[in-house]
Amino acid sequence: MHVYGEHYRTIWMKEDNPNVVQIIDQRHLPHKFVVENLVTVDDVSAAIKDMHVRGAGLIGATAGFGMYIAALNAPADSFMESLAADGEKLKATRPTAVNLAWAVERQLDAVGAVTGDVHTKIQTARETAQAIADEDADFCRRIGEHGLAIIKKISQRKNGAPVNILTHCNAGWLAFVDYGSATAPMYAAHDKGIKIHVWVDETRPRNQGARLTAWELGQHGVPHTLIADNVGGHLMQHGLVDLVITGSDRTTYTGDVGNKIGTYLKALAAYDNGVPFYTALPSSTFDWMMRDGIKEMPIEQRDSTEVKYIRGKVNGEIKQVLLTPKDSPAANYAFDVTPSRLVTGLITERGICEASEEGVLGLYPEKRKKDVNNDQ
Ligand code: MRU
């Protein structure tokens with residue numbers, strides 16, 4: 001996507017030094033555009049844990065590049081052991097987005113299958129990291145094409161009046177390598193000249209909607225309005241939302257959607273008001289082993305300072321200020337699970353399906369045979 005008119009991905013190998021991986025450090029957005037170099041596995045772990053990068057697809061792509069960096073630094077006499085240990089370190093950074101473990105395992109499988117020398121193994125890790133990133137971008141582009149059909153239909157029904165889409169958190173290109181999942185259909189529609197308007201939930205406590213989604217939609221010229229997190233239900237009651245599209249950090253093969261905290265409440269309000277609620281996700285975000293999202297999904301709990309303090313620009317400087325009584329305890333659950341019955345459909349790179357075991361496995365029949373049935 002474009003930043004001040006120039007094309008960017010969220011992660012890439014440095015042009016003149018392939019031993020360095022570069023990311024957009026999202027902690028500084030929307031006020032500053034900062035590119036950060038990652039050269040060690042500790043750099044990569046910190047970038048994921050402290051959310052320089054975030055969002056399921058980008059966490060996966062960063063872990064993929066992290067494993068390439070791990071391969072560059074692994075001793076020849078214990079190469080695979082060292083790689084596996086670094087993989088565990090990366091997996092421990094954030095628990096909910098399943099793309100993280102998926103990317104680490106994909107790298108271990110790919111490198112483990114190489115019979116050649118260390119140089120060949122490193123080359124494989126590099127190619128696999130790039131393949132994970134390229135695939136992420138391509139899958140999101142395809143999600144956009146499939147989701148476009150939903151927006152087009154609503155636009156026709158409204159005789160071309162703007163389609164009002166509500167989204168939560170940032171499942172935009174900043175959460176992936178390019179295009180985004182929830183935003184891909186929005187960008188596709190906007191680029192085709194279909195009028196849309198996006199309601200952007202601010203998404204407390206880290207304000208990914210206010211800081212990131214608003215910024216990236218603005219960069220692409222998509223009309224949008226920021227709203228506080230509690231506004232969606234009111235808008236839906238008054239016919240001001242035609243469609244909800246969110247992303248996901250982990251979706252069970254039965255269609256339960258794990259996503260940023262607050263998504264469940266939006267789904268309840270959408271259900272009560274007959275507003276279609278779609279989740280857009282690439283196949284790397286499905287958990288092919290997990291049946292019951294509410295009982296089984298690991299929900300990250302982050303530091304209470306994220307709830308008690310807020311960061312913003314004060315007289316040109318980025319500052320953090322205390323919002324609450326200093327000694328009040330605060331809980332910081334980062335994700336919740338929306339049960340499949342509240343989800344109208346899942347928009348994937350292969351098409352749109354019902355949020356159910358039949359729907360999901362109908363699109364991914366190879367998972368029906370190999371992973372799901374055999375592992376139960
Ligand atoms: O904590 P984050 O910013 O990594 O969480 C991201 C989300 O939960 C987004 O809502 C998104 O839908 C999932 S990432 C595509």
If you rank T40, T96 by how much accessible surface each has, with a 1.4 Å probe, what is the order from largest down? T40, T96
Quick query: amide H of V3 versus all other amide H atoms, modeled in the peptide plane; which residues come in under 5 Å with a sequence gap of 5 or more or a different chain? Y8
Straight-line reach check, K152, cutoff 29 Å on alpha carbons, 8 or more apart in-chain or any other chain, hits among lysines -> K192, K195, K260, K266
Could you rank the peptides 180-193, 284-297, 244-257 by their average count of other C-beta atoms within 10 Å per residue, with the highest value first? 244-257, 180-193, 284-297
Need the C-alpha centroid separation for the stretch 184-249 versus the stretch 125-153, integer Å. 20
Which cross-chain or sequence-distant (5 or more) residues have an amide H under 5 Å from the amide H of L226, H modelled 1.01 Å from N in plane? V200
What whole number of Å gives the distance from the Cα centroid of the stretch 284-309 to the Cα centroid of the stretch 45-92? 20
Antiparallel versus total DSSP beta bridges in the chain: what percent is that, nearest 5? 55
Within the stretch 147-162, whose backbone N sits under 13 Å from a point 7 Å along Cα→Cβ of K195? 155-162
How much solvent-accessible surface does R9 expose, in Å² to the nearest 10, with a 1.4 Å probe and all protein chains in place? 70
Check F335: other-chain or 5+ apart residues with amide H under 5 Å from its amide H, H built from backbone geometry? I261, E300
On C-alpha positions alone, give me the angle between the axis of helix 79-91 and the longest principal axis of the chain, in degrees, nearest 10. 20
Seen from all sides and averaged, what is the projected area of the convex hull of the Cα atoms in the stretch 126-265, in nm²? 9.1
How big is the antiparallel share of DSSP beta bridges in the stretch 145-369, given as a percent to the nearest 5? 45
Label-point separation (nm) for R368 and E36, each offset 7 Å from Cα along Cα-to-Cβ? 4.3
Exposure rank, largest accessible area first [Y333, Y364; 1.4 Å]: Y333, Y364
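Compute the accessible area per residue over the chain, keeping the other protein chains in place, probe 1.4 Å, unit Å².
42
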Size of the stretch 145-369 along its principal axes in angstrom, Cα-based, largest extent first? 52, 42, 34
Subtracting the Cα-Cα distance from 0.36 nm times the residue separation, let me have the gained length for E105 to A330 in nm, one decimal. 77.5 nm
Can you give the three extents of the C-alpha atoms in the chain along their principal axes, from longest to shortest, in whole Å? 66, 56, 44
Across the stretch 10-20, in residue order, what do the Karplus-derived ³J(HN,Hα) couplings come to in whole Hz, using 6.51 cos²θ - 1.76 cosθ + 1.60 with θ = phi - 60° and x for Gly and Pro? 8, 8, 6, 7, 4, 4, 9, 8, x, 7, 10
What FRET efficiency, computed as 1/(1 + (r/R0)^6) with R0 = 45 Å and r the Cβ-Cβ distance, is obtained for Q156 and A76, rounded to the nearest 0.05? 0.15
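Which number comes out as Rg/Rh for the stretch 12-117 once both Rg and the Kirkwood Rh are worked out on C-alpha atoms?
We get a ratio of 0.98 for the stretch 12-117.
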Please identify which residues in the stretch 233-261 have an amide N closer than 12 Å to a label point set 7 Å out from the Cα of L268, following the Cα→Cβ vector. 233
With a 1.4 Å probe and all protein chains left in place, how much of the accessible area of the stretch 285-354 comes from carbon and sulfur atoms, in whole percent? 50
Rounded to the nearest 10 Å², what accessible area does L240 have for a 1.4 Å probe in the complete protein model? 70
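Explain nothing, just the number: dipole magnitude of the chain about its Cα centre with +1 on each Lys and Arg Cβ and -1 on each Asp and Glu Cβ, in debye rounded to the nearest 20.
1200
The values are calculated or read from the model by the stated rules, or taken from the named source; none is laboratory data. Nothing here was measured: the structure is a model prediction, and the numbers come from that model. No Cβ is skipped: glycine too gets one built from the backbone with ideal geometry, and neighbour counts run over all protein chains shown. Ligands, DNA and RNA are excluded from the accessible area calculation, which covers all protein heavy atoms including side chains. Shrake-Rupley method; radii C 1.70, N 1.55, O 1.52, S 1.80 Å.
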